[in-house]
Amino acid sequence: MKKSNDKLKNWIINSGISESSNDPLVNGAVHSFYDLKNNAFGFLYPEITGYFIDTMHFLYNTEKQEKYKLLAEASANWLIMVYEKYGGIVMGIENNAPTQNLSFSFDTGICSTSMFKCYELTNNKKYLNFGVSLLNWINSGSIENDGTILPFFDHNKKTFLENNDVWYKKKGCLNIKTAIPFFRYYKISNSIEFLELAKRICDSYLLFQRNDGSFSMHIDSSVTNLHTQCYALEGLFFAYYVTKEQRYLEACEKSLDWCVNNIENDGSIRLWFGNKYKSKASYPIAQLIRLMILFDSCENNIKYKEIIIKLMNFLISFQVENPNPHASGGFIEEITKSIFGWKKNSRINSWGSMFSLQAINWFENYEKFNLKSIHYLY
C-alpha cells in the first residue's frame, strides 16, 4: 500500500494536474482529468481545485511539510480570482472562459470548506472571510424551506434554478454534503444560524432515503447513484460528528448496509442502480471505503473491515502503471461494460485520485483511526 500511496501522491503533486505557472489565470488551478488517449489535460475545475486544497491540508497535517501550505495557498488564490472575475465559482474554465455561465451551489460549498482549511494552514483571515462570503452566497437564495438546495445560479438570469437538462442541474441528495462548510463555520464562530442551516440541509435526507437504505438521486426518483449517495452520507456523518444526534449515524449505517448487499465478489460495486448505465468508478469506491472506516471508528468495532479490504483491493486495480509522467500513479476514472466485457476508460481522474489517496491512508491506519479524523475529510 505504501508504494501505491507514494506513486499516487507524486501524481497529484507533480503530474501537471495542478498548474504551476507565473500566469495568475492558471497558477494553482487543477484540471479535471488527464486523458491517456489524447495525451491532454481536461478543463480547469474550480470544485476540484477546492478538493486539491483539502488534500494539501490533509497531507500537511500528516507530514508537516511547508510545500503543502504553499500549494494550498496558490489554489485558494486562484479560486478567489475566479470568483472575482466571473462573479461566482463557475463550473469549469477552458481557454480562459467558463464552460457554462453557471455557478453550482455544491461546488461553492466545497470551495468554502477548502477556504476554511486554507485559513487553518495559513492563519490568513482573507481565506476565512472568503469562505464565509461563499456560504452567504449559497444562503442568498439556494436553500429551500425543506432543506433541499437549488443546484445552480444562472448568471444571465441572475437567479438560482433547477432543470431536467442533466442530473446535476436538478435538486439531489448530493447537496446534503453542502451542510459541511456551514457546520465548519459554526465550529469556528458558534453561530447558531449556521448550525440551524446545516441541520436543515442534512434533515432533507428524509426526502431521499428509501426504506432499504439507498438514496434516490432526486426526490421520488427510481435511480440511485453511488457517488451522490456517498456525498449525502459524508454530510450526515459530519452532522453526527458535530451534533451527536444518533439518527444521522443510523441513516448512514442503513445506507452502508445497502451498499454491502450490492458489493460483488471481486470487491466492485456499480455506480448506477435503476438505469441503463453499466459502469464502476474509482471515486465512489474510495468514498465508500472512507465512510466505512468512519463508521467503524464511531462504533469502535470492525463491522466493515472485511468489506473494506475487498473494496480496497478492487480500488487499487484502477491505478495506472505507465512511463508517462502525466499519467503514472493516478487512478483511472471508471470501467464501463459493453458486449465485449468491462473496459477501463482513458481518463485519469483528479478527484478520484485525491479521494483514493485519503482512503489508502485511512486504511493503513485503520486500527488506530478515530472519528476526529473526519475533520480532514474532503
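Structural remarks
- Residue count for the stretch 217-236, restricted to those that are farther than 12 Å from LEU288 by Cβ and modelled with pLDDT of 95 or more: 12
- Test: residue in the stretch 18-27 that is in contact (Cβ under 8 Å) with a residue 60 or more places away in the chain and of a type outside the set (Phe, Trp, Tyr): yes
- Any hit, the stretch 55-77, residues being under 22 Å from the mean Cα position of the chain (by Cα), among the aliphatic types (A, V, I, L, M) and outside any helix (DSSP H, G or I): no
- In the stretch 209-240, the residues that are over 16 Å from ILE285 (Cα atoms), under 18 Å from the mean Cα position of the chain (by Cα) and part of a helix (DSSP H, G or I): GLY235, LEU236, PHE237, PHE238, ALA239
- Qualifying residue in the stretch 231-242 (condition: touching a helix residue (DSSP H, G or I) at 6+ places or on another chain (Cβ under 6 Å) and acidic (Asp, Glu)): yes
- Of all residues in the stretch 279-303, those satisfying the criterion of being surrounded by fewer than 24 Cβ atoms within 10 Å (Cβ to Cβ) and either assigned to a loop (DSSP other than H, G, I, E, B) or of a type in the set (Ser, Thr, Tyr) (or both) are SER279, SER297, ASN300, ASN301, ILE302, LYS303.
- Inspection of the stretch 49-64 finds a residue satisfying the criterion of being surrounded by fewer than 17 Cβ atoms within 10 Å (Cβ to Cβ) and touching a residue at least 24 places away in the same chain (Cβ under 8 Å).
- Taking the criterion of being over 23 Å from GLY87 (Cβ atoms) and either surrounded by fewer than 18 Cβ atoms within 10 Å (Cβ to Cβ) or not small (Gly, Ala, Ser) (or both), the residues of the stretch 141-169 that qualify are ASN145, ASP146, THR148, ASN164, TRP167.
- Restricting the first member to the stretch 254-278 and to residues that are surrounded by fewer than 18 Cβ atoms within 10 Å (Cβ to Cβ), and the second to residues that are at pLDDT below 95 and of a type in the set (D, E, K, R), the beta-carbon pairs closer than 7 Å and six or more apart or on different chains are LYS278/LYS337.
- Filter result for ILE339 (among the β-branched types (Val, Ile, Thr) and in contact with a helix residue (DSSP H, G or I) (Cβ under 7 Å, 6 or more places away or on another chain)): no
- Scanning the stretch 77-111 for residues that are small (Gly, Ala, Ser) and surrounded by fewer than 20 Cβ atoms within 10 Å (Cβ to Cβ) returns GLY87, GLY92, ALA97.
- Of the listed requirements (1) within 20 Å of the chain's Cα centre (by Cα); (2) under 30 Å from ARG210 (Cβ atoms), LEU161 misses just one: (1).
- Of the helices (runs of 4 or more DSSP H) that lie entirely inside the stretch 115-208, those containing 2 or more residues that are within 24 Å of LEU249 (Cβ to Cβ) and not aromatic (Phe, Trp, Tyr) span 179-189, 192-203, 205-208.
- Residues of the stretch 8-30 that are surrounded by fewer than 23 Cβ atoms within 10 Å (Cβ to Cβ), aliphatic (A, V, I, L, M) and in a loop (DSSP other than H, G, I, E, B): LEU25, VAL26.
- When residues of the stretch 1-52 are limited to those that are of a type in the set (S, T, N, Q) and within 13 Å of ASN349 (Cβ to Cβ), the one nearest to the chain's Cα centre (by Cα): SER32
Matching residues to (1) buried (at least 19 other Cβ atoms within 10 Å of the Cβ); (2) in a loop (DSSP other than H, G, I, E, B); (3) free of Cβ contacts under 8 Å to residues at least 40 places away in the same chain:
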{"site": "LYS343", "(1), (2), (3)": "no, no, yes"}
{"site": "PHE355", "(1), (2), (3)": "yes, no, no"}
{"site": "ILE360", "(1), (2), (3)": "yes, no, no"}
{"site": "PHE363", "(1), (2), (3)": "yes, no, no"}
{"site": "TYR378", "(1), (2), (3)": "yes, yes, no"}
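- Looking only at the stretch 83-109, and only at residues there that are in a helix (DSSP H, G or I) and more than 20 Å from ASN175 (Cα to Cα), the one that is nearest to the chain's Cα centre (by Cα): TYR83
- Unique match (being at pLDDT 95 or above, among the acidic types (Asp, Glu) and closer than 17 Å to THR55 by Cβ) among GLU120, GLU144: GLU120
The values are calculated or read from the model by the stated rules, or taken from the named source; none is laboratory data. Quantities reported herein were computed from a predicted structural model and do not represent experimental measurements. All Cβ positions, even for glycine, are placed from backbone atoms using ideal geometry, and neighbour counts span all protein chains on display.
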